[in-house]
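Below is one structure; the comments refer to it alone.
The values are calculated or read from the model by the stated rules, or taken from the named source; none is laboratory data. In this text the structure is predicted, and so the values were computed from the model without any measurement. Here the Cβ is made from the backbone with ideal geometry for all residues, glycine too, and neighbour counts use every protein chain on show. To get the accessible areas, we keep the full protein, side chains included, count just its heavy atoms, and leave off ligands, DNA and RNA. Shrake-Rupley method; radii C 1.70, N 1.55, O 1.52, S 1.80 Å.
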Amino acid sequence: MNIKFPKLIAIFLVTFIFFMLLCLPQAIAAETANGAKIFDVHCAGCHINGSNIIRRGKNLKLKALKKNGMDSVDAIASIVTNGKNNMSAYKDRLTPEEIQEVSSYVLEQAEKGWR
């Protein structure tokens, strides 16, 4: 009986890890796809291809994000939520989940060079 219990735990863990590896990329892809849609509707008017038509230095390119301390999902989510200077706040227009999705999308695109 002692031998069967560890085998069951091992089988469970292997199955769980396998399931997570299969599902996690799909969840991330879905989040990025939704983030892209949100960006197109709410952000692309000022931030076409990661640029900024109002203030050139405040673009969404990785170099500018790092320079301005905005190179994390949390930092981007904070500015999307609360706004800053010319940037409008979106806490009343987007859900917290949508803010996380668009923030993840922005950081991912910045890391890819907005290609």
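The residue pairs whose first member lies in the stretch 61-76 and is more than 10 Å from Glu108 (Cα to Cα), whose second member is among the β-branched types (Val, Ile, Thr) and surrounded by 13 or more Cβ atoms within 10 Å (Cβ to Cβ), and whose beta carbons are closer than 6 Å, counting only pairs six or more residues apart or on different chains, are Met70/Ile76; Ile76/Val106. The helices (runs of 4 or more DSSP H) located wholly in the stretch 58-113 that include 3 or more residues which are basic (Lys, Arg), open to solvent by 80 Å² or more (accessible area, probe 1.4 Å) and farther than 18 Å from Cys46 by Cβ occupy 62-67. In the set (1) open to solvent by less than 80 Å² (accessible area, probe 1.4 Å); (2) assigned to a helix (DSSP H, G or I); (3) under 18 Å from Trp114 (Cα atoms), the condition left unmet by Asn52 is number (2). For first residues located in the stretch 85-113 and among the acidic types (Asp, Glu), partners that are open to solvent by 60 Å² or more (accessible area, probe 1.4 Å) and outside any loop (DSSP other than H, G, I, E, B) and lie 6+ apart or on another chain with Cβ distances below 6 Å form the pairs Glu101/Glu31. Given the structure, is Glu31 at pLDDT below 95, of a type in the set (Asp, Glu) and touching a helix residue (DSSP H, G or I) at 6+ places or on another chain (Cβ under 6 Å)? Considered against the rule, which asks whether it is at pLDDT below 95, of a type in the set (Asp, Glu) and touching a helix residue (DSSP H, G or I) at 6+ places or on another chain (Cβ under 6 Å), Glu31 comes out as yes.
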